[in-house]
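None of the figures in this text is laboratory data; all of them are computed from the coordinates on show. As the structure is a prediction and not an experimental result, all values here were calculated from the model. Glycine gets a Cβ as well: all are built from the backbone with ideal geometry, and neighbour counts include every protein chain shown.
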């Protein structure tokens, strides 16, 4: 599902909120615009109604031949029929109401005012004039739509008002005499204009939304590209290619940091896998050599009749090979058990000096055979340890020191206490270890002499290290080639 | 046929040498890469059995250096059976590959095949007129009747037969039939040739005076 991806989800959420905001803004904008339009519209209406009402009672111009009942404010209305459509000549046609009709004031409409109003055009301004108390218009323009009724305002309610009737907006003014004059016009244009404006706003908002989303998509793709790299690399690693790394240049971003962490994890995984592979490969190699000897020994011997001496020799060689395999499998098992955890240590309080003395006794015959002297400098240190295992470490170090020594060489072994640490030092003046080999001596199956024909499995120091570390201690070596090596074991008291 | 075995495990070297000698090969042994390379370069062995894990100079290195000078057939022997190792071995110029622990009979069969290939032979049987040599069973027949030959006699005959038409000098014959541990007396060769002629007919092996022997 493509829409389940983070990119799409973020984008859809963003689109949703952005649309809400833009819709709100757009509606507000349209509203303000419409109100503004209508206000301007109303202002024009008001202006006209004001002009109209202010000219209602002014006396007719002197040059006009109108009948003016003296002193009596008869109703005088300037006929605007001439103004309807004919603005050129502007001849005024005056209608004089019957003189006996009671008039609230001299109502008249100057032609230049009337000319301001529309003709037949239904889209232009129209006016209606009601004398006081009458609900039929006294005068209205030709384009006055149907249904314009007297606002029926209360007597006292003089002044100017606005009313809205369907598409029409009308301003009316009730004069102090109670006459009512109304100016109106259809607001269709304004509403059309508002619709046009709303359409523009909508298009603009859609455009802005599109632009922002496109930009956001670009940013998202950029921001999430590392994730895709990570998942691609993880996929390759899952399918077995441990050398894969995630290449993200921006290491300070969240994803960059994640990639860095993953990379170091992958590196550790790869190292541990390759160590494991190396170990398995080495172990099988070490086991195959004696098996090869065993098989070839038996096959060669059985190929024809042999003398009893030949058989004896072959059996002896087979036994040697079998012993070698036994030693190797035991070492491997021991390492496996030490790797598995500490539960196999049988710890008790023991004196390191005593353990060393016992070990020295154990290798004395070997040392004498190799004509190597062992000097002891032992201080009693009580440690809480598996004495058998520690003895194994000491014996192993001593055996190495003897085997890689010169004839008439010597070994110094010492114990002492440094704070809460017991220190054991085995120093020989033997062949030493080459500088390049030094970091690898504790590696499994590492042996400085490649042939390993000397019955050396290459596991002795690995086992020493595993035992010491199982006790929470450490083992280290310094060496100078042809001068000798010094192994230092530190164990917690 | 003279073979060089380079193997660092002494007991395995001993066994291989012994088994190969019993098969009628002349065998030289080397316990490390340097010694192996020296011997391989200084003599034209018919085949070399080479271990990979060797002190001083490992099998790869030795093979690479040898290949710059010689085309001696090489059978690699190793305890590693990784796919990469096999490919690397064959790419470096090894002619065959055998993983330890191996079966002795397989090793011998591969060695025979290797030598046969290097001499452009397709079969383990060589026919010379009415005489048939079976290099696998190391036996000879004349007109279908088995003829009993000593290992040395068979080896001389085999060497001359596979190099049929070539004149083989006494020195070359010596070098390929006797290894570094054999006490060589020049007249012994004449004794063997005499015996072969007596068993298989006097005209089978021709003597080129002053040059050597030849099967035509």
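Here are the numbers for the structure shown:
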item: Antiparallel content of DSSP bridges confined to the protein assembly as shown, in %, to 5; result: 75
item: For segment B:58-104 and segment A:125-204, distance of Cα centres in Å; result: 111
item: Average Cα contact separation per residue, segment A:254-338, under 8 Å, 6 or more apart, as relative contact order %; result: 31
item: Cα Rg, Dmax (largest Cα-Cα span) when computed across segment B:125-214, Å; result: 12.5, 37
item: Computed FRET value (nearest 0.05) for residue A:326 with residue A:222, which takes r as the C-beta separation and R₀ as 41 Å; result: 0.05
item: Proxy reagent accessibility, fewest Cβ within 10 Å first, across B:60, A:13; result: A:13, B:60
item: Segment B:1-61 shape via C-alpha gyration tensor axes, a/c threshold 1.5; result: oblate
item: 222 nm mean residue ellipticity, helices alone, for the protein assembly as shown (DSSP H n ≥ 4; -39,500 (n - 2.57); rounded to 500); result: -16000 deg cm²/dmol
item: Cβ-Cβ FRET estimate between residue A:319 and residue A:257, R0 fixed at 60 Å, reported to 0.05; result: 0.50
item: Two-decimal log10 I(q)/I(0) for segment B:44-102, as the Debye equation yields it once each C-alpha is a single scatterer, q = 0.22, 0.23, 0.28, 0.30 Å⁻¹; result: -0.82, -0.89, -1.28, -1.42
item: Potential extension, residue A:379-residue A:39 segment - 0.36 nm per residue separation minus Cα distance; result: 111.6 nm
item: Cα Rg, Dmax (largest Cα-Cα span) when computed across chain B, Å; result: 17.8, 53
item: Shape metrics for segment A:341-492, restricted to C-alpha atoms - Rg then Dmax, Å; result: 14.7, 42
item: Relative contact order [Cα under 8 Å, 6+ residues apart], segment A:341-492, whole percent; result: 24
item: All-pairs alpha carbon distance profile, the protein assembly as shown, 20 Å steps from 0, percent; result: 12, 23, 17, 12, 8, 9, 12, 7, 1, 0
item: Likely footprinting exposure, B:126, B:156, fewest C-beta neighbours within 10 Å first; result: B:126, B:156
item: Linear extension gain, residue B:61 paired with residue B:42, 0.36 nm per residue minus alpha-carbon span; result: 5.1 nm
item: Shape of segment B:15-119, Cα gyration tensor, a/c cut at 1.5; result: rounded
item: Shape category assigned to segment A:254-338 from the gyration tensor of Cα positions, a/c cut at 1.5; result: prolate
item: Sequence-separation-based contact order of chain B, relative, with Cα cut under 8 Å and 6+ spacing, percent; result: 17
item: Residues A:203, A:224, B:104, sorted so that the one with the fewest Cβ neighbours within 10 Å comes first; result: A:203, A:224, B:104
item: Förster-model FRET efficiency, 60 Å R0, residue A:19 and residue A:478, C-beta, rounded to 0.05; result: 0.25
item: Mean-position separation - Cα centroids, segment A:299-357 and segment B:19-34, in angstrom; result: 30
